[in-house]
1. Would you work out which of ALA38, LEU128, LEU87 lies farthest towards the positive end of the dipole of region 2-133? Charges go on Cβ: Lys and Arg +1, Asp and Glu -1.
2. Hey, what did the chain get for relative contact order, percent, Cα under 8 Å, at least 6 apart?
3. Per residue of the chain, what 222 nm ellipticity follows from adding -39500 (n - 2.57) for every DSSP H run with n ≥ 4, rounded to the nearest 500?
4. With charges set only on the Cβ (+1 for Lys and Arg, -1 for Asp and Glu), what does the dipole of the chain come to about its Cα centre, in debye to the nearest 20?
5. Where does the longest stretch of the chain lie that holds no trypsin sites (Lys or Arg not before Pro) found in a DSSP loop with 14 or fewer other Cβ atoms within 10 Å?
6. Please say if region 138-221 is rounded, prolate or oblate, where rounded means a/c under 1.5 for a ≥ b ≥ c the square roots of the C-alpha gyration tensor eigenvalues, and otherwise the choice is prolate for a/b larger than b/c and oblate otherwise?
7. Quote to one decimal, in nm, the extra length available between MET1 and ASN71 on full extension: 0.36 nm per residue of separation minus the C-alpha distance between them.
8. Express in nm, to one decimal, how much length is gained between LYS136 and SER182 on full extension, taking 0.36 nm for each residue of separation and deducting their alpha carbon distance.
Amino acid sequence: MRILLADDHPIFRKGLKAVIENEYEYCVVVEVNNGDDAIKELKYDSFAICILDIDMPGSSGIEVLYYIKENSVNVKPIMLTMHKDELFFNEAFDNGAIGYLLKEDSSIELFDCISNILAGSSFVSEKLIPFVQNRKSFTSKLSEFYRLVDSLTNAEFNTLRLVAKNKTSKEISELLFVTVKSVENYRTRICKKLDITGGSNTLYKWCVENKVLIDRKEARMS
């Protein structure tokens, strides 16, 4: 059995490689420290399993999943991460992940995870079981978020992402090469479309609460 292990923390990665190869007599673990090299390995070699961190230099673990899905690579992906983030969790499973492990529990759950996915089942860290139970509800909320944000014009969305970076109307006007009045109009229209009500700082608070989603939307547009 060949396993691809992609993680940018060398001590953790080498320790995990040693543990896996010690557990499985005929197992070879190929290690890389970034997502771009993971994609290269998947392109030119065959693996039964790939274990991917989410945060890595170059392509992220999620982007490696995109590559696997888009190119129909015959490998079973496991996400191994510090993130207890529902967005990452759902995005991983929406794009083909079969296992999702927390690094803090990997020494306890890793071999159960590998056994499950080799047997054709999925596996999720016990602490994240509520995410599984909430998937349908979360997906519905996420769809509604994107529906609302998709209703914004390019100028309005550019204003929104700059508000999320705590830029003032004057700073936004300079960055977008428009007047301050235009920025204020954009902000008013954004609040109306997103059904945001309250004082002058309400839009920024909304952006803080939804920053990860705004960043995801921005990444999709680039």
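1. Final value for the positive-end residue is ALA38.
2. Normalised by residue count, the contact order of the chain is 12 percent.
3. Computed ellipticity for the chain at 222 nm equals -17500 deg cm²/dmol.
4. 1180
5. 1-83
6. prolate
7. Extending this stretch completely gives an extra 23.0 nm.
8. Using 0.36 nm per residue and subtracting the Cα-Cα distance, I get 12.7 nm.
FYI, it's all coordinate maths here, none of it is from the lab. Since the model is a prediction, treat every value here as computed from it, not as a measurement. We place every Cβ from the backbone using ideal geometry, glycine too, and count neighbours over all the protein chains shown.
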